[in-house]
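Q: The structure is given below, and queries will be raised subsequently.
We did not get these values from a lab; they are worked out from the coordinates using the rules stated. Values in this document were obtained by computation on a predicted structure and should not be read as measured data. Because the Cβ atoms are built from the backbone with ideal geometry, glycine has one as well, and the counts that use them run over all protein chains shown.
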Amino acid sequence: MGLTELFDKKLVFSLEVFPPHTAVGIEHLQKTLVDLEQIKPDFISVTLGASGITKSEDTIKVADFIQNDLKIPAVAHVPGLYQSKDEVRRLLDALVAHDVKNVLVLRGDAIKDQIPIGEFKHADDLAAFIKEYGTFDIAGACYPQVHLESTSTVSDIRYLKRKVAAGVSHLITQVFFDNKHFYNFKERLELADIDVPVEAGIMPCTNKKQMERIAQITGIKLPKKFVSILSRYENKPLAMRDAGIAFAVDQIVDLISSGVDGIHLYTMNNADNAKLIWQATHTLFEDATEMKTMS
Ligand code: FAD
């Protein structure tokens with residue numbers, strides 16, 4: 001069964017991790033992943049920095065561990081901006097050799113002073129290339145608060161529709177901290193007849209500086225109630241963790257009761273936070289899956 005078919009059967013719960021830059025860091029991540037296995041995610045995705053910050057060998061190594069040691073479906077992120085067709089083909093060959101059959105296609109972010117290769121200008125080019133290669137179930141990124149570079153909400157949706165037509169069969173959203181953005185986005189998808197499962201990207205906040213950096217890079221707006229938490233608990237890590245988990249759980253409860261297709265947790269490689277969120281919500285996932293099975 002391909003990953004996308006899972007959405008017909010259950011409320012999907014997935015995780016995202018990033019490969020650290022050192023061998024020791026990767027070993028540590030493997031321990032974190034063993035810990036995360038307990039919460040039985042439907043898949044775990046592994047990032048790959050567009051500019052070469054992460055080496056593709058590291059993404060392959062971590063994806064291989066998830067797929068073959070833990071027996072959990074792995075999704076390898078594949079950014080296209082700084083890769084040639086030959087490089088992407090080699091990466092896909094390596095993934096197939098490790099039995100990893102799921103990818104998340106991405107354009108990647110342009111880096112100052114680094115000229116893109118230009119063979120994949122946007123994620124839709126890459127989706128079409130991988131679709132033609134065959135074998136892979138292809139996911140793509142989407143933006144409830146509109147991508148930073150989009151000239152309008154309409155063009156954002158128009159290009160997203162192209163990406164889906166090119167072969168993306170499920171979408172994962174950029175992180176957001178106000179569910180109203182997600183519900184408005186879902187309405188835009190419906191109006192544009194974009195009918196693929198959409199997972200909501202949720203990130204527990206644990207650190208004020210990190211959240212502000214993410215907001216700056218992605219262009220997302222942090223809601224007032226979230227900013228109050230960051231300001232109040234910035235120097236109290238335990239209280240910040242508890243408030244961040246409670247905030248994420250609150251978002252997830254609301255999303256599940258509104259019929260979301262799946263939750264994608266940006267773990268930031270922190271198993272404890274992911275486990276706390278799972279403990280607080282897993283019965284809701286089970287209930288939603290039971291309702292899907294009955295319908
Ligand atoms: P695209 O879909 O190509 O869109 C980028 C912009 O171009 C948008 O404004 C869009 O409207 C416009 N556009 C799209 N298609 C066209 C077209 N054909 N012609 C003209 N304009 C077009 N980055 C990494 O480097 N590594 C990762 O592992 C990674 N993981 C991510 C995971 C998720 C779930 C998300 C949401 C993002 C991730 N990113 C990652 C960041 C991502 O690379 C950036 O957000 C990037 O700026 C856009 O990537 P995209 O695939 O959405 O691009």
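Q: Does Ile60 fit the bill of being crowded, with 21+ Cβ neighbours inside 10 Å, more than 18 Å from Leu106 (Cα to Cα) and β-branched (Val, Ile, Thr)?
A: Details: crowded, with 21+ Cβ neighbours inside 10 Å: yes; more than 18 Å from Leu106 (Cα to Cα): no; β-branched (Val, Ile, Thr): yes.
Taking the combined requirement at face value, the residue does not satisfy it.
Every residue, every condition in (1) among the aromatic types (Phe, Trp, Tyr); (2) within 28 Å of Ile26 (Cβ to Cβ), yes or no:
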| position | (1), (2) |
| --- | --- |
| Pro204 | no, yes |
| Ser228 | no, no |
| Asp254 | no, no |
| Ser257 | no, no |
| Lys275 | no, yes |
| Trp278 | yes, yes |
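Q: Test of understanding: among Ile39, Ile60, which residue is more than 27 Å from Ile252 (Cα to Cα), within 19 Å of the chain's Cα centre (by Cα) and in contact (Cβ under 8 Å) with a residue 12 or more places away in the chain? Spell out how you get there, then give the answer.
A: Working: Ile39 fails: more than 27 Å from Ile252 (Cα to Cα).
Just one listed residue meets the conditions, Ile60.
Q: From the list Val24, Val34, pick out the single residue that is more than 28 Å from Thr135 (Cα to Cα) and over 14 Å from the mean Cα position of the chain (by Cα). Give the steps one after another, and end with the answer.
A: Working: Val34 fails: more than 28 Å from Thr135 (Cα to Cα).
Step by step, each of Val24, Val34 is checked, and only Val24 is more than 28 Å from Thr135 (Cα to Cα) and over 14 Å from the mean Cα position of the chain (by Cα).
Q: Okay, moving on. If a residue has to be within 13 Å of the ligand (Cβ to nearest atom), outside any loop (DSSP other than H, G, I, E, B) and without any contact (Cβ under 8 Å) to a residue 40 or more places away in the chain to count, how many in segment 102-143 make the cut?
A: 5
Q: Right, another one. Restricted to segment 31-57, and to residues that are within 22 Å of Ile202 (Cα to Cα), not charged (D, E, K, R) and not in a loop (DSSP other than H, G, I, E, B), which residue is farthest from the ligand (Cβ to nearest atom)?
A: Step by step, filter segment 31-57, then rank; the result is Val34.
Q: List, please: which pairs have Cβ atoms under 6 Å, are six or more places apart or on different chains, and start with a residue in segment 159-170 that is closer than 10 Å to Ala141 by Cα and end with one that is assigned to a helix (DSSP H, G or I) and within 11 Å of the ligand (Cβ to nearest atom)?
A: Here the result reads Lys163/Ala123; Lys163/Asp124; Lys163/Ala127; Val168/Ala127, each pair linking segment 159-170 to a residue that is assigned to a helix (DSSP H, G or I) and within 11 Å of the ligand (Cβ to nearest atom).
Q: For segment 173-195, which positions are touching a Leu at 6+ places or on another chain (Cβ under 7 Å), in contact (Cβ under 8 Å) with a residue 40 or more places away in the chain and not in a helix (DSSP H, G or I)?
A: Answer for segment 173-195, where residues must be touching a Leu at 6+ places or on another chain (Cβ under 7 Å), in contact (Cβ under 8 Å) with a residue 40 or more places away in the chain and not in a helix (DSSP H, G or I): just Phe177.
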